[in-house]
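*Asks:* Would you mind keeping the following structure in view while I ask a few things?
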Amino acid sequence: MAEEAILGFLQNNEQITDSGQFSAEFNLDHNEVVNVIKSLHGFRYIDVQDIKKETWVLTDEGKKYAAEGSPEVQLFLAVPEEGSISKDELQKKLAPSVFKIGCSQAGKNKWVEMGKQVSRKVKHVEDKVKGQLLQIQEGKESDKDSINSLKARKLIVPQIWKGYSVKKGPNYAPERKKVATDLTRENLQNWKELEFKEYNFEAKGAPLEAGHLHALLKVRKQFKDIFVQMGFEEMPTNNFVESSFWNFDALFQPQQHPARDSHDTFFLKVPSTTRTLPEDYVEKVKRVHETGGYGSRGYNYDWKREEANKNLLRTHTTAVSSRMLYALAQKPFVPKKYFSIDRVFRNEAVDRTHLAEFHQIEGLICDRGLTLGDLIGVLKDFFSRLGMSKLRFKPAYNPYTEPSMEIFSYHEGLGKWVEIGNSGMFRPEMLLPMGLPEDVRVIAWGLSLERPTMILYGIDNIRDLFGHKVDLDLIKRNPICRIGI
Ligand SMILES: N[C@@H](Cc1ccccc1)C(=O)O
C-alpha cells in the first residue's frame, strides 16, 4: 500500500516534501510509511532527507480534560445556576484534583464567588482549554499564548516529530524488483538470472552474543595495573583455607580475640587442623604472645597450639602477607613491594552491603627504616592514581599494626567523606619473631574491591553484584568505568 503510493507518487511528481503530510493525504499510517521509506532507501530506489519538527502532545492529564472538560468548567457546572452551594458539598461532587484546580482557575477567571458558599458570577462559560487541547490532539496549529498556558499547566509536552522528504534515487523504478539478499547455495547457482542487493557497508550488523567481563574483574584489573606500575609483585593467594596460625597468631592477634569466634570466622570441619607449621617460629610466636620480648610485654595468657592449628577460611589476605614476610625473613634481606587481590570470608549476616565473602586488595612495602611518613606518601600516591586525591587519616586499632590508620577519601559524587581502607605499620611483635632484621619496617594497607566497584557502577545492593542473585543483565550492559587518569 504505502510502497505503491510512494513509488507511484514519485513517477508523476518531483518529490514528497513531507512524509507526514503525505501520509495524511493518502490516509496511511506514518510509521508504516517511514518503514517503507527506509527499506526503499536501502535499495536506493529513493533519496531521502530528514525532517525534524517540534510538535506538542497531550499529557495524561491533558487527555483527561480533552475528554471530560477542564476542571474549571467542571467546577462551574457543578455550581447551581441560581443560589449557591456550600464548599463542602461542592467538594463531594468532584474528584479531589478537579476540585482543587477548578477552584483556583474558576476563581482566577472570576466565574464564581468563592467563600464558605460558592455561587456563579457569570451566566455562561466557554471551555477554551478543552478546545485548545482538542486542537492539539488533532494535530492542528495553535497560537503561542495557548501553547504557553497549556505548557505551564503541564497539559502538553513537546515532542520531536521525525519524518522525511523523498526524491527518486539512482535505482528508482515505479515497481520494486525482487532482489536476492542472501548468498545461499541456490542463489549462487542461479546468479545469472538474479539481481543481488547491494552490500551495505554502513549496516550495523547483528549484535554479537559474546562473553562479558564482570564489573569486579574490570576494577580488579585496574587495581592490578596500578600496583604493577608502582613496582609491586603479586603474592600467591590460591589458598582460601588457612590455619589460624597464619591468619591470626603470626599477626599477634590473641587467641581470645572476638574475631576468632565462630560467629565471625568460618572454621573447617574436615580437615579441621593444619598438618605442618614451622616449629621454631611457632615457638617464638607462642613466647611473644605469652610473655612478650623485643621490647613488648606480650598478652600474658596461656597460648594453645590446638587453637593455632585450627583450619579456617581466611578472614583477610593479611594471612598471605604474614606467610610471605616469614618466607622473606628466611633469606638474606632484600626489600620487597607486594600486593594481592583475592577472596576472603567472614561469618557475617548478609545485607545490602555485606556478604559472607568479598575481595580484599592488599599492599605492603618491606624495607629498612620506613616511617609513618612513607606510609602516608605511598597511600597518597596509590589513591591519587585512582582519582582520589583528597585523603584523611584517622587513628585506628589493629592487633598487628601500630600505628594504624583508617583511610577516608572525599567522594565528589556523593559529596561526603567515605571510608576507603585500613592501614598501618606491622608491629615488632610480628616482624621480629619471623627473623627480619631489626631496622626493617613494613607498611601495609587493605581495602575491599566491592566498595569502589559499587561506587563506580552505581550499585547500591551488593547482592546485585555478587552471588547467586547477581543481575546478569547488569554484567552485559555495564560500561568500562575508568578510575583515575
Ligand atoms: N587486614 C586488614 C586490612 C589491613 C591490611 C594491612 C594493614 C592494616 C590493615 C582488614 O582486614 O581490614
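*Asks:* Identify the single condition in (1) within 16 Å of the ligand (Cβ to nearest atom); (2) not in a loop (DSSP other than H, G, I, E, B) that Glu306 does not satisfy, given that it satisfies every other one.
*Replies:* (1)
*Asks:* Please tell me if Thr291 is in contact (Cβ under 8 Å) with a residue 24 or more places away in the chain and either outside the structural domain of Glu429 (by TED's automatic domain parsing) or not charged (D, E, K, R) (or both).
*Replies:* No; evaluated as a whole, the condition is false for this residue.
*Asks:* Going through the range 310-357 one residue at a time, which ones are more than 14 Å from the ligand (Cβ to nearest atom), touching a residue at least 24 places away in the same chain (Cβ under 8 Å) and small (Gly, Ala, Ser)?
*Replies:* Scanning the range 310-357 gives Ala329, Ala356.
*Asks:* Hey, another quick one. Looking for something at pLDDT 90 or above, within 32 Å of the chain's Cα centre (by Cα) and within 13 Å of the ligand (Cβ to nearest atom) - is there at least one such residue anywhere in the range 425-445?
*Replies:* So far as the range 425-445 goes, yes, one or more of its residues are at pLDDT 90 or above, within 32 Å of the chain's Cα centre (by Cα) and within 13 Å of the ligand (Cβ to nearest atom).
*Asks:* Within the range 366-382, is there a residue that is in a helix (DSSP H, G or I), aromatic (Phe, Trp, Tyr) and buried (at least 16 other Cβ atoms within 10 Å of the Cβ)?
*Replies:* yes
*Asks:* Hey, another quick one. Return the total of residues in the range 452-461 being surrounded by fewer than 22 Cβ atoms within 10 Å (Cβ to Cβ) and either β-branched (Val, Ile, Thr) or touching a residue at least 60 places away in the same chain (Cβ under 8 Å) (or both).
*Replies:* Here the count works out to 6.
*Asks:* Determine, yes or no, whether Phe382 is within 16 Å of the ligand (Cβ to nearest atom), touching a Gly at 6+ places or on another chain (Cβ under 9 Å) and closer than 23 Å to Ile226 by Cα.
*Replies:* When the stated conditions are applied, Phe382 passes them.
*Asks:* Let me ask something additional. So, in the range 392-412, how many residues would count as being within 10 Å of the ligand (Cβ to nearest atom) and of a type in the set (Gly, Ala, Ser)?
*Replies:* Of the residues in that region, 2 qualify.
*Asks:* Give the residues of the range 116-139 that are of a type in the set (A, V, I, L, M) and either without any contact (Cβ under 8 Å) to a residue 40 or more places away in the chain or closer than 14 Å to Gly62 by Cβ (or both), sorted by residue number.
*Replies:* Selection gives Val118, Val122, Val129, Leu133, Leu134, Ile136.
*Asks:* Counting only residues that are more than 27 Å from the chain's Cα centre (by Cα) and in a strand (DSSP E or B), how many does the range 383-406 have?
*Replies:* 11
The values are calculated or read from the model by the stated rules, or taken from the named source; none is laboratory data. Note that the structure is predicted; figures quoted are calculated from it, not measured. Note that each Cβ is placed from the backbone with ideal geometry, even for glycine, and that neighbours are counted across all protein chains shown.
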